[in-house]
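Take a look at the structure set out below.
The values are calculated or read from the model by the stated rules, or taken from the named source; none is laboratory data. Only a predicted model underlies this, so the values are computations on that prediction, with no experimental measurement involved. Don't worry about glycine lacking a Cβ; one is built from the backbone with ideal geometry, like all the others, and counts go over all protein chains shown.
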2 protein chains.
Amino acid sequence: MNNRTFRAIERIVGEKNCSCQKEDLACYAYDATGSHFLPEVVAFPSSRDEIAALMQLAYQEHFFVTPRGAGSGMTGGSLPIQGGLVMVLKRLNRILDIDRENLIAKVEPGVVTAHFHQAVERLGLFYPPDPASSDFSTLGGNLAECAGGPRAVKYGVTRDYVLGLEAVLPSGECIQVGVQTAKGVVGYDLTRLLVGSEGTLGIITGMTLRLLPLPAAIKTMTAVFEHMETAARAVSEIMRRGIIPRSIEYMDNASIRCVEKFLQNGLPISAGAILLLEVDGDEEEASRTAVKLKDLCESLGAAAVHLARTEEDRAALWKARKAISPALYQYGPDKINEDIVVPKSKIPDMVRKIAALQAETGLTMASFGHAGDGNIHVNIILDKKKSSDLEKAEAAVHALFDYTLALGGTISGEHGVGITKASYIEKEIGVVELALMKKIKAVFDPKGLLNPGKIFPVA
Amino acid sequence: MNNRTFRAIERIVGEKNCSCQKEDLACYAYDATGSHFLPEVVAFPSSRDEIAALMQLAYQEHFFVTPRGAGSGMTGGSLPIQGGLVMVLKRLNRILDIDRENLIAKVEPGVVTAHFHQAVERLGLFYPPDPASSDFSTLGGNLAECAGGPRAVKYGVTRDYVLGLEAVLPSGECIQVGVQTAKGVVGYDLTRLLVGSEGTLGIITGMTLRLLPLPAAIKTMTAVFEHMETAARAVSEIMRRGIIPRSIEYMDNASIRCVEKFLQNGLPISAGAILLLEVDGDEEEASRTAVKLKDLCESLGAAAVHLARTEEDRAALWKARKAISPALYQYGPDKINEDIVVPKSKIPDMVRKIAALQAETGLTMASFGHAGDGNIHVNIILDKKKSSDLEKAEAAVHALFDYTLALGGTISGEHGVGITKASYIEKEIGVVELALMKKIKAVFDPKGLLNPGKIFPVA
């Protein structure tokens, strides 16, 4: 990018809101994958008009643009792998409207997910999508990746809460898609085409989100199972009996041992699985369902069920679940975190497969995640500096993905493809389907300037 | 279409499964709009392979293909307005799998919606989308239009229950999109692009649907309000208090009078609105919520609330709601049925607007529908043989749509655009957005052979 172009960027966003200094660029070169790609310029636009002007400039001058929220993505979606401009959307951080009568909100993409949760909850409202990164991730990033989280089993994913969007196309043109109402079916569903498109089709500059009333009460419990199979059968049976918990998380034996080593909290290290179950509703309903669920877990083979009686108790139960990710670093400096999904009845098969892969490769592996959706976070611990580790881990990921697909699953439930899974996408997506997606990309981005190198395998 | 082409069609589906006889063609020339367009051939393929072969032939020989379910669409989606082949999908009517453990079903597009409801309900499962036509409409048609119905307020629309699809492209190629699991975010969301695309992008040949456990109990009540405003405020307030009924239907005063004249059932003809409310859950929860809701309606200004005590009583309450459509024919031989959506707090404004339009045009108008979603069925009664009626009705529709959009609404909540709303689509969809949609159409259907003349306004 030449100096003239940088000056033009400066004129759009102002001198203070862009930089080509290496120390500034370094701050926007990483994401949660741990990879680094230095952009040539970073800019912080404050409005849709500035974003449109930047994109028009990019279109005219032919430079790459990578939009970025908080950089908390797990698959490299916000990494500027071909340089160019990183467009940081954090200044578009206004909650424009929370409409209590119609249960909708209008927000900008740079709003931090947890801030939005707090804002709506103060009004007795509820925005269910809750990715693990919600304390720092932004709503724009959540939409771009179609983020999920532990409440998806009852409430669905980000896609299910997006009614309409405003976006800037790679040409710099602005579009408004979807509706501001509960329903709408006029024309093709460009809203859901943009959601989960990983910032490759347009830059989301505004969104209309659906809200629910905030459940008055939440009850949390853990259920310890001797065998993973029994736990998985219990999950299916619970839902078939008409109880849809808002969360059904699980930890496999490897995760339990790892967390116990880390926290020394008294977890049952010989257990095959621990389920973390949470129900909600009004006080009466939540209490009644919790008791029903506790009894059901016991009748379905749980060795022990612990129902949290206080808020502190509840936090303690979540602590173990949330400690898995950091705890795994006890076993090695690097971690590959996949988010495969299998039919939930197949979770035991997958857990056995992971154990077999661990035995084969000698690498530590653990699985945990959203059992109610069959969405499994498989973690492989390695030292990326060791080429033998890398090779083994890569072979394990291949085997894992192949088995996932053989079970009728998908290689990503909520993290997206980005760069880390682009070379695997052809395992899941057929030739004709991939060609359609590439043509859709070309419709939106004929010059291929927006978030290049993501989703699609390098030809 | 020449004789050689007809013979080729015959070879694909068999002699008994196609026809170019006028009496056969006439049976597939209409839909619920009351319009008629004669196709040149009608064919009844029995499998995806036959559909693919027909589509390959169409692609090679350049003839138009219009897919058709039960022909119950309200906007002309299945009308062969440019002739060619009508492809009737009723023979693909198998429920292939109902997976109780994973709460998913695999079905073919020709399955009648109500048959599917019965099949899953026998197993204690639940498929919520329930368009008014469900006794005869097919799941394929429901998906093509993204059908809604009265349960959408709690359970969402068809889109929310489609996990994956199998379809034949206009080129005759087969695609599989989406997933067989609860979650999935690999590549662009072609599943939801096909849902609601009104049969213009591909022919759906198979689908994977999400199921829920069947609620054990349903409680139904009606609440009579003196003024529409009070009723609308009650709807907002009910949901804000954390009660999400599975249905909140309303009838305006014009609908009440019309139904009473038709049924002579003792409806309160001076009431501004009647709400029909339904809650579900297990027996205890449904009963408790029903009482809460009854009290709430009373405290929010309902003049009378009647809670159904028996199944017969419940059916009687729905009878009035379901009688509106036929009852309206008392006032004239033809009816325009729109399905606008406004923010639910704006329903009273819309009801006032409809009254004003009725006064202006002298045409009988009534509104009713899904108050919980703001989805209003506005019915305009006319005699289509009278050109003055037609002109007035058309002007009223224009005014109605303009006001809908001014209130932040959409011109279709669940019926789609088809041919009846194609000339209005530019009111709602901008130039850039419409150009994107047309380019997406060209990606899927470069020769423009599949369901021509739908959605997009004639240039």
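Table for the structure above
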read-out	value
Given (1) touching a residue at least 24 places away in the same chain (Cβ under 8 Å); (2) farther than 29 Å from B:Glu145 by Cα, index of the condition B:Glu198 fails	(2)
Residue in the stretch A:44-57 that is of a type in the set (Gly, Ala, Ser), part of a helix (DSSP H, G or I) and touching a helix residue (DSSP H, G or I) at 6+ places or on another chain (Cβ under 7 Å) present	yes
Selection status of B:Gly266, on the phi > 0 side of the Ramachandran plot and surrounded by 14 or more Cβ atoms within 10 Å (Cβ to Cβ)	no
From B:Ser134, B:Ser72, B:Ser35, residue being modelled with pLDDT under 95 and hydroxyl-bearing (Ser, Thr, Tyr)	B:Ser35
Subset of the stretch A:170-193 [among the polar types (S, T, N, Q) and either more than 7 Å from chain B (Cβ to nearest Cβ) or surrounded by 24 or more Cβ atoms within 10 Å (Cβ to Cβ) (or both)]	A:Ser171, A:Thr181, A:Thr191
Meets criteria (touching a Cys at 6+ places or on another chain (Cβ under 8 Å) and either surrounded by 24 or more Cβ atoms within 10 Å (Cβ to Cβ) or more than 7 Å from every other protein chain (Cβ to nearest Cβ) (or both)) for A:Thr205	yes
Scan of the stretch B:199-219 for residues that are in a strand (DSSP E or B), under 22 Å from the mean Cα position of the chain (by Cα) and more than 18 Å from A:Ala152 (Cα to Cα), ordered by number	B:Ile203, B:Ile204, B:Thr205, B:Gly206, B:Met207, B:Thr208
Filter result (of a type outside the set (Ser, Thr, Tyr), part of a loop (DSSP other than H, G, I, E, B) and touching a residue at least 60 places away in the same chain (Cβ under 8 Å)) within the stretch B:342-378	B:Val342, B:Pro343
Qualifying residue in the stretch B:265-274 (condition: part of a strand (DSSP E or B) and under 17 Å from B:Ile248 (Cα atoms))	yes
Selection count where residues are more than 11 Å from every other protein chain (Cβ to nearest Cβ) and touching a helix residue (DSSP H, G or I) at 6+ places or on another chain (Cβ under 8 Å), scope the stretch B:400-449	6
Selected residue [modelled with pLDDT of 95 or more, in contact with an Asp or Glu (Cβ under 6 Å, 6 or more places away or on another chain), of a type in the set (Val, Ile, Thr) and within 22 Å of B:Ile440 (Cβ to Cβ)] from A:Val179, A:Val195, A:Val186, A:Val168	A:Val186
Verdict on A:Gly196 being surrounded by 24 or more Cβ atoms within 10 Å (Cβ to Cβ), touching a Cys at 6+ places or on another chain (Cβ under 7 Å), not in a strand (DSSP E or B) and not aliphatic (A, V, I, L, M)	yes
Extreme residue, nearest to the chain's Cα centre (by Cα), among residues of the stretch B:228-254 that are modelled with pLDDT of 95 or more and part of a loop (DSSP other than H, G, I, E, B)	B:Arg246
Contacts under 6 angstrom Cβ, first residue in the stretch A:39-53 being over 13 Å from A:Asn93 (Cβ atoms), partner among the hydroxyl-bearing types (Ser, Thr, Tyr), 6 or more apart	A:Val42/A:Ser19; A:Val42/A:Tyr28; A:Arg48/A:Thr205; A:Ile51/A:Thr205
Matching residues, the stretch A:179-193, being closer than 21 Å to B:Gly184 by Cβ and either in contact with a helix residue (DSSP H, G or I) (Cβ under 7 Å, 6 or more places away or on another chain) or in a loop (DSSP other than H, G, I, E, B) (or both)	A:Tyr188, A:Asp189, A:Leu190, A:Arg192, A:Leu193
Residue among B:Arg122, B:Arg151 that alone is within 21 Å of the chain's Cα centre (by Cα), at pLDDT 95 or above and surrounded by fewer than 23 Cβ atoms within 10 Å (Cβ to Cβ)	B:Arg151
Neighbours by Cβ (under 6 Å, 6+ apart or cross-chain): first from the stretch B:228-241, within 16 Å of A:Leu214 (Cβ to Cβ); second among the acidic types (Asp, Glu)	B:Ser236/A:Glu101
Identity of the residue in the stretch B:315-340, farther than 14 Å from B:Met365 by Cα and small (Gly, Ala, Ser), that ends up farthest from the chain's Cα centre (by Cα)	B:Ala316
Considering residues of the stretch A:95-123 that are β-branched (Val, Ile, Thr) and touching a helix residue (DSSP H, G or I) at 6+ places or on another chain (Cβ under 9 Å) only, the residue nearest to the other protein chains (Cβ to nearest Cβ)	A:Ile98
Failed item, numbered, when B:Ala132 is tested on (1) more than 20 Å from B:Ile95 (Cα to Cα); (2) more than 10 Å from chain A (Cβ to nearest Cβ); (3) surrounded by fewer than 21 Cβ atoms within 10 Å (Cβ to Cβ); (4) more than 13 Å from the chain's Cα centre (by Cα)	(4)
Looking only at the stretch B:226-241, and only at residues there that are touching a Phe, Trp or Tyr at 6+ places or on another chain (Cβ under 9 Å) and within 13 Å of chain A (Cβ to nearest Cβ), the one that is surrounded by the fewest Cβ atoms within 10 Å (Cβ to Cβ)	B:Ala234
Total residues in the stretch A:245-275, condition closer than 15 Å to A:Asp295 by Cα and in contact with a helix residue (DSSP H, G or I) (Cβ under 6 Å, 6 or more places away or on another chain)	1
Lone qualifier among A:Leu293, A:Leu317 - being outside the structural domain of A:Ala132 (by TED's automatic domain parsing), modelled with pLDDT of 95 or more, outside any loop (DSSP other than H, G, I, E, B) and crowded, with 17+ Cβ neighbours inside 10 Å	A:Leu293
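Let's see how each residue does on (1) among the polar types (S, T, N, Q); (2) within 15 Å of A:Lys322 (Cα to Cα); (3) within 14 Å of chain B (Cβ to nearest Cβ); (4) free of Cβ contacts under 8 Å to residues at least 60 places away in the same chain:
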residue	(1), (2), (3), (4)
A:Val224	no, no, no, no
A:Pro245	no, no, yes, no
A:Ala254	no, yes, no, no
A:Val259	no, yes, no, no
A:Gly266	no, no, no, yes
A:Gly272	no, no, no, yes
